[in-house]
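Here's the structure, in structure tokens; my notes come after.
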Amino acid sequence: MGYSIAIDGPAGAGKSTIAKKVAEKKRFIYIDTGAMYRAMALYLLQNGIRPEEHERISAKCKEADITIKHVNGEQVVLLNGENVNALIRTEEVGNMASASSINKDVREKLVELQRRLAASTDVVMDGRDIGTCVLPQADVKIYLTADSSVRAKRRFDELTAKGEVCDLAKIEKDIVERDERDMNREISPLRQAQDAVLVDSSHMTLEEVTRTILDLCDRKR
């Protein structure tokens, strides 16, 4: 079994950024579970399946083999052996990922693949149900959060830096609504695992959050 670090938390908490930093420092593999859901969505779209075709999604998802490797420091998402990095960041794929991720069979298939990855190497995995569902036996579990206003401002700054015009109040409203959906969904709702350490990053720098998690890992060792 590999050594595993699970980082869960709500939208905009900085999970991916922190997980990548921790993985880099520990020389672990960072598993972007969101990218895996996008790869599954791409596979379904390639097979002509629409978001509302729940039975076809359930049947077809079983045929997809999705894994993540790191090549020359870059994360590569493989769908049935093919590098699909350049194909999974479109709006169409994102919408399909949102629709298909609530499908029980899609989640079961991807959880199986994620567990297989964690069993074979040392990983940092982030998401909304890693510590509670995907890796309940993870060596270190973190629940990373921040005030909704802070998360909205971070997202606003990120989009503005890309030249996008956006509304801070609307971003915060969307984040609050997404929290509500994630916490109340039927399958694998977002919640803090009983043995997870709560890290509130509202008034912490990226370096401070990373150091806090690395210190927790050292103490657990």
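None of the figures in this text is laboratory data; all of them are computed from the coordinates on show. A quick note: this is a predicted structure, and the numbers were derived from the prediction, not measured. Ideal geometry is used to build each Cβ from the backbone, glycine not excepted, and the neighbour counts take in all protein chains shown.
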Would you please state the base-10 log of I(q)/I(0) at q = 0.11, 0.15 1/Å for the chain, with intensities from the Debye formula using one equal scatterer on every alpha carbon?
-0.55, -1.05
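Hey, what did the range 33-121 get for relative contact order, percent, Cα under 8 Å, at least 6 apart? Spell out each step's value before the answer.
Working: 107 pairs, mean separation 32.8, N = 89.
Worked out over the range 33-121, it gives 37 percent.
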Distance between modelled label sites at L168 and K25, nm, 7 Å Cα→Cβ extension:
2.9
Within the chain, which DSSP H helices have Cα atoms that stretch 15 Å or more along the helix axis and a mean Kyte-Doolittle hydropathy of at least 0.5?
33-46
Gain on full stretching of the segment that runs from R185 to D200 - 0.36 nm per residue minus C-alpha separation
3.1 nm
Relative to the compact-globule estimate 2.2 N^0.38 Å (N residues), the Cα gyration radius of the range 33-121 stands at a ratio of 1.02
Of all GluC sites (Glu not before Pro) in the range 102-196, the ones in DSSP coil with at most 14 other Cβ atoms within 10 Å are E164, E186
Students often get this wrong: which residues of the range 1-22 have the backbone nitrogen under 18 Å from the point 7 angstrom along Cα-to-C-beta of I102?
11
Within the chain, what percent of beta bridges assigned by DSSP are antiparallel, to the nearest 5?
30
Calculate the length of the line joining the C-alpha centroid of the range 160-214 to that of the range 35-80, in whole Å.
25
Would you list L216, L79 from fewest to most Cβ contacts within 10 Å?
L216, L79
Which of the lysines could a cross-linker bridge to K15, judged by Cα under 29 Å and excluding same-chain residues fewer than eight apart?
K25, K26, K62, K69, K104, K109, K141, K153, K162, K170, K173, K220
Where a ≥ b ≥ c are root eigenvalues of the Cα gyration tensor, a/c under 1.5 meaning rounded, otherwise prolate if a/b exceeds b/c and oblate otherwise, the range 90-221 counts as oblate
